Every structure is written in structure tokens, then in C-alpha cells.
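What follows is a short report on a single structure.
Every read-out reported here was derived from the displayed coordinates using simple, explicitly stated rules and does not represent laboratory data. Model, not experiment: these values are computed from the prediction. Ideal geometry is used to build each Cβ from the backbone, glycine not excepted, and the neighbour counts take in all protein chains shown.
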Amino acid sequence: MELYNYIKALHLIFVITWFAGLFYIPRLFVYQIEAFYKPSPNKEILGEQLKLMAKRLWFIITWPSAILATVFAVWLLILIPTWLNQSWMLVKLVFVALLFLYHFKTHQIFKQLQKDEVRYTSKFMRIWNEGSTIILFSVVFLVILKDSLNWVFGVVGIVALAILLMLGIKWYKHIREKKPKA
């Protein structure tokens with residue numbers, strides 16, 4: 001059982017660093033997109049620095065953390081395979097699949113921005129940034145409560161969280177637009 005605790009600790013550490021990368025990379029995307037529309041030489045200077053920061057974050061922190069979190073998660077499931085018979089774990093795995101889809105789409109956006117292909121607005125990226133937050137809330141509640149949650153309350157709760165996040169984004173945009181330009 002002591003091995004279990006070490007594996008669980010390592011899994012949690014890499015989940016945390018994975019999410020840290022997923023929380024920060026869209027913020028760098030926002031800055032990259034906004035820098036793309038600045039006049040020269042700011043566009044080039046900021047663009048190159050932000051691409052370097054994104055590349056380091058993505059390949060030194062986010063991808064390795066995703067891989068190691070997954071390795072330790074599989075190891076935990078090997079140690080306690082009965083979890084796969086529990087509904088909360090099956091629902092959690094659905095959210096983990098969504099997290100990987102989010103990660104892969106973020107990787108696609110990363111590759112586009114590395115080639116100076118701007119296909120999204122900074123507003124879209126601010127909203128995109130909240131995707132991992134919604135998944136994190138869902139997974140944490142599932143793991144802590146060890147229940148698949150009453151679907152009505154679970155779905156309503158996640159929708160309410162998403163609405164609150166969107167209202168927060170609109171409120172922040174309103175504050176930014178009211179702030180006098182320097």
C-alpha cells in the first residue's frame with residue numbers, strides 16, 4: 001500500500017503541473033494574437049519572445065506532465081483494477097478523454113501560432129482558456145465525492161460554472177475597455 005501512496009502522489013503532482021500548463025498556454029496565445037496585430041518592430045519582438053515562451057511551456061512542462069500523469073494513472077489502475085467497475089471512475093475517464101481532446105486541440109492551436117497563423121481571436125482564446133477549468137472542477141468533484149454525481153445536479157452545476165466563467169470574461173472585458181489607454 002505504500003507504493004500506492006507514492007504513485008498517487010506522483011500522479012497528483014503531474015496532474016497539477018499539466019493543468020498549470022493548460023491554464024497558462026491559452027493566456028500566452030492571447031498575448032501572441034494581440035502582438036500579431038501590433039506595428040513593427042513590436043510585432044516581431046513580442047511575437048518571437050511569446051513563441052519561445054509558449055514552446056518552452058508546452059514541451060518542457062505541459063506535454064511531459066500530461067504523459068507522466070497518464071503513466072501514473074494507469075499504474076494506479078493496475079494496482080486497483082476494481083476502480084474500473086465503479087461509476088465515478090468511468091465518468092472521470094470520460095472527462096479525462098475530454099481533457100485529452102482539449103489538450104490536442106490546444107496543441108493544434110500552438111502549432112498554428114508557432115507558424116504565425118492566427119485563426120482565432122484573443123476573445124476566443126480567453127474563453128478557450130476556461131475549458132480546462134471546467135474539466136478540472138468536474139474531475140475533482142468526482143474523485144473527492146467518489147460518485148458519478150446526480151446527473152441533473154452535476155450537469156446544472158457544470159453549466160452554471162460555465163455561465164459564471166463567461167460572465168466573468170465579459171465583466172473583465174468591460175473593465176479593460178473602460179480603462180483609459182496610456
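Structure values in brief
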{"read-out": "Helical mean residue ellipticity (222 nm; -39500 (n - 2.57) per DSSP H run of 4+; nearest 500) of the chain", "value": "-27500 deg cm²/dmol"}
{"read-out": "Fewest-first ranking of Ile13, Ile60, using other Cβ atoms within 10 Å as the exposure measure", "value": "Ile60, Ile13"}
{"read-out": "Nonlocal amide H pairs with Asn129, under 5 Å, H built at 1.01 Å", "value": "none"}
{"read-out": "Rounded Å value of the spacing that divides the Cα centres of the stretch 12-36 and the stretch 90-120", "value": "11 Å"}
{"read-out": "Taking the stretch 2-178 and dividing mean pair separation by its residue count, relative contact order in percent (alpha carbons under 8 Å, at least six apart)", "value": "30 percent"}
{"read-out": "Set Lys92/Lys123; Lys55/Lys173; Lys55/Lys170; Lys123/Lys173; Lys123/Lys179; Lys51/Lys179 screened for pairs whose C-alpha atoms are more than 19 Å apart", "value": "Lys92/Lys123; Lys55/Lys173; Lys55/Lys170; Lys51/Lys179"}
{"read-out": "Net +/- balance of residues flanking Arg27 in space, Cβ distance below 12 Å, scoring K and R +1, D and E -1", "value": "-1"}
{"read-out": "For Trp83, net neighbour charge (Lys/Arg +1, Asp/Glu -1) across residues whose Cβ lies under 11 Å away", "value": "+2"}
{"read-out": "Convex hull volume per residue in cubic angstrom - Cα atoms of the stretch 69-170", "value": "103 Å³"}
{"read-out": "Residue-by-residue Karplus 3J(HN,Hα) for the stretch 45-50, coefficients 6.51, -1.76, 1.60, Hz, glycine and proline x", "value": "5, 5, x, 5, 5, 5"}
{"read-out": "The stretch 2-178, dipole about Cα centre (Lys/Arg Cβ +1, Asp/Glu Cβ -1), debye to the nearest 20", "value": "480 debye"}
{"read-out": "Summed side-chain charge close to Met166 - residues other than Met166 whose Cβ falls under 12 Å, Lys, Arg +1, Asp, Glu -1", "value": "+3"}
{"read-out": "Radius, Kirkwood style, for the stretch 2-178 when every pair of distinct Cα atoms is counted (Å)", "value": "17.9 Å"}
